[in-house]
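Scroll down for the structure; my scribbles are underneath it.
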Amino acid sequence: MSTDFDAVIIGAGFAGMYMLHRLRQKGFTARVFEAGEGVGGTWYWNRYPGARCDVESVQYSYQFSRELEQEWEWTERYATQPEILRYANHVADRFDLRRDIRFETRITAAVFDETANAWRVETDKGDRVAARFVITAMGCLSSPNTPKIPGLEDFKGPTYHTGNWPHEGVDFTGKTVGVIGTGSSAIQSIPIMAQQASHLTVFQRTANYTVPAHNRPLDPAYVRQVKANYPEMRRRARSKPAGIDFTINPASAIATPEAERRREFEKRWSYGGLGFMASFSDLLLNDDSNKTAADFVRSKIFEVVKDPRTAELLTPKNIIGCKRLCVDTGYWETFNRPNVTLVDISDAPIERITASGLRARGQDYAFDCLVLATGFDAMTGALLKVDIRGRGGVALRDKWREGPKSYLGLTVVGFPNLFTITGPGSPSVLTNMLPSIEQHVDFIADCLETMRARGVNVIEPVEKAQEAWVGQVGDAANITLRSTCSSWYVGANIPGKPRVFMPYIGGFPAYIAACETVVKNGYEGFALA
Ligand code: N01
């Protein structure tokens, strides 16, 4: 059967854009469908005040084009959402991507036609297209979670979700604001909202660890030096578990004398950012080591927050780094402001949202605006919103009822010619997303090229290889403390979601090696027909 395109790509974030570019370079035809009006994915939707990336801008960038790398000028250590969105738009223009992207169009269904060996794709605008391949590029944190709190629809004022923020922005000047949630999005936005609002009430279910960003404008001399040495920096980053170039101290925290340990933590703290978790190599492997880092951060809260009761409430009790570590600018300081109140809801859920605010622990709180900083149905949420059906009409939703299973986080048994960029079972959210995306896109593009050269029409993983990979993902998860708490990594934030540690935590280098071995052995673990 002739198809409309070689590939349909779902989503025009960084993954979808680069996938389109690579396929075009190799002479394939592709059409991207994107729900938003523009490119940028997560950076298109997450426009809440204070949104910025917690990976340094010079590393959170594409490396596939040396020219792009050299011409783009990042202005801050951690780029703001508007700057990253400008970068995404620059890439779309520079590589002339828009002509193959259909905006404001959401794919609703993708069904594999076994007689034609093609995917039949439907959109909410009535498009019906056929493609040999479907490639999902929907992002891991792109399906906002609005918790089913009773009375949500009763609230008379505006309600905003950090993951779907109004494009025109929101001015909270003179308003009273209630914020539910204290994850990364809340920790970034609360300090800014507090500067605008007449009063801000923060409803905290779980206190979170955060490290200072120490953000600053980038020194042009530093940028010149990075640009002169980009390939070397990228190579070092690829050799690190998180795909980020920072130095990991190989020592054990608990085996290091206390004074020396504290010096190392202080050094990392004053440098700022996620590299704090690389202070010692066993922080996520050993409870006692983890506690040394947790206690260090806890002590910092009491140095900053003046009211001891508030400091106590802000003090996380769980393992540091188990939930995703946050990076902030002035978060704890914000709770010294007279117009900010912290309400602990750890022991009882919010009873209900009311017309004028909410009721929690038997008390009513009134505010003009409600902000839900309540996160996402991570990793599988966006994928399963699309009605994806493989062989025999089996739905991916049913196939993954007990949790996602994939081969390399890229392909699924029973779903031929379907690729999931940064899908569950790949390093994705545990790494710098940009290099992880590029590695997946390159794998897929090379695979399609090999298939074309060999006259192969269909690729699909075999059950045995998928089971072995799922076993490896599970074994890696069991070694670390990261799989032990209630986080979105294990689906714990979504009622009824199966508890499975979804990303591959064996590290970026081990993952790249696994993919390379598969290719070297002639796409081992796949059936090619
Ligand atoms: O979401 P989250 P997020 N009642 O799930 C609370 C990336 N990111 O949008 O912890 C009351 O972390 C929930 O409480 P609890 C990054 O990977 C990156 O902040 O479940 N509270 C929690 O406090 C990040 O990890 C960047 O007890 C409820 C909060 O809402 C991921 O996105 C910036 C509740 C949700 O926190 C998600 O971050 C932003 C309820 N019913 C995000 N339901 C950077 O690059 C949920 N909560 C810096």
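The values are calculated or read from the model by the stated rules, or taken from the named source; none is laboratory data. Small disclaimer: the values here were computed from a predicted structure and weren't measured. Neighbour counts are summed over all protein chains in view; Cβ atoms, including those assigned to glycine, are modelled from backbone coordinates with ideal geometry. For the accessible areas, the whole protein counts, side chains as well, though only heavy atoms, and no ligand, DNA or RNA atoms are used. Shrake-Rupley method; radii C 1.70, N 1.55, O 1.52, S 1.80 Å.
General remarks:
- The chain - Cys residues lacking any other Cys C-beta under 4.7 Å: C53, C140, C326, C369, C447, C515
- Label point 7 Å beyond Cα of L285 along Cβ direction - residues of region 237-272 with amide nitrogen under 11 Å: 250-253
- The chain: relative contact order as a whole-number percent, Cα under 8 Å and 6+ apart: 19 percent
- Protection proxy ranking, peptides 19-29, 177-187, average beta carbon neighbours within 10 Å, highest first: 177-187, 19-29
- Value of [θ]222 nm, deg cm²/dmol, for the chain, DSSP H segments ≥ 4, -39500 (n - 2.57) each, nearest 500: -9500 deg cm²/dmol
- Centre separation in Å (Cα based) which lies between region 189-263 and region 5-56: 26 Å
- Per residue, in Å², the accessible surface of region 418-487 once ligands and nucleic acids are set aside, probe 1.4 Å: 33 Å²
- For the chain, the dipole from Cβ point charges (+1 on Lys and Arg, -1 on Asp and Glu) about the Cα centre works out to 220 debye, to the nearest 20.
- Qualifying trypsin sites (Lys or Arg not before Pro) in region 452-529, where qualification requires a DSSP coil assignment and no more than 16 other C-beta atoms within 10 Å, comprise R499.
- Formal net charge of residues neighbouring T292 (Cβ-Cβ distance under 12 Å; K, R +1; D, E -1): -3
- Note on S239 and T108: the model spin-label points, each 7 Å out from Cα along the C-beta direction, lie 5.2 nm apart.
- When each of K125/K156; K125/K464; K148/K323 is checked by Cα-Cα distance, pairs over 29 Å: K125/K156; K125/K464
- Carbon and sulfur %, accessible surface of the chain computed with the full protein complex present, 1.4 Å: 51 percent
- Across the options A382, G50, V177, the greatest Cα extent toward the positive end of the charge dipole of the chain (unit charges at beta carbon of Lys, Arg, Asp, Glu) belongs to A382.
- Beta bridges per DSSP, both residues in region 152-372: antiparallel share near 25 percent.
- Given the chain, longest segment not containing exposed loop GluC sites (Glu not before Pro) (DSSP; at most 15 other Cβ within 10 Å): 169-401
- Net charge, S189 excluded, C-beta distance under 12 Å - Lys, Arg +1, Asp, Glu -1: +1
- Over all other residues within a Cβ to Cβ distance under 12 Å of K306, the charged ones net out to -1, with Lys and Arg as +1 and Asp and Glu as -1.
- Against the chain, whose longest principal axis comes from its Cα atoms, helix 508-520 is set at around 10 degrees.
- Cα centroid of region 284-334 to Cα centroid of region 499-516, whole Å: 28 Å
- A DSSP coil position with no more than 11 other Cβ atoms inside 10 Å describes the following trypsin sites (Lys or Arg not before Pro) in region 327-436: R401.
- Note on K267 and E449: the model spin-label points, each 7 Å out from Cα along the C-beta direction, lie 4.2 nm apart.
- Using R0 = 30 Å, the C-beta based FRET efficiency linking Q225 and D442 works out to 0.65.
- Selection from P191, L358, W269, by position along the positive dipole direction of region 152-372 (Cβ): W269
- Here each label is just a point 7 Å from Cα along the line to Cβ, and for R397 and T75 those points are 4.4 nm apart.
- Listed residue (F415, G525, A445) projecting farthest to the positive dipole end of the chain, Cβ model: G525
- Average accessible surface area per residue within region 152-372, 1.4 Å rolling probe, Å²: 46 Å²
- Each peptide in 160-167, 272-279 receives the mean, over its residues, of other Cβ atoms within 10 Å, and ordering these scores from highest gives 272-279, 160-167.
- The stretch between T159 and V456 holds 101.8 nm of extra length on full extension. This uses 0.36 nm per residue minus the Cα-Cα distance.
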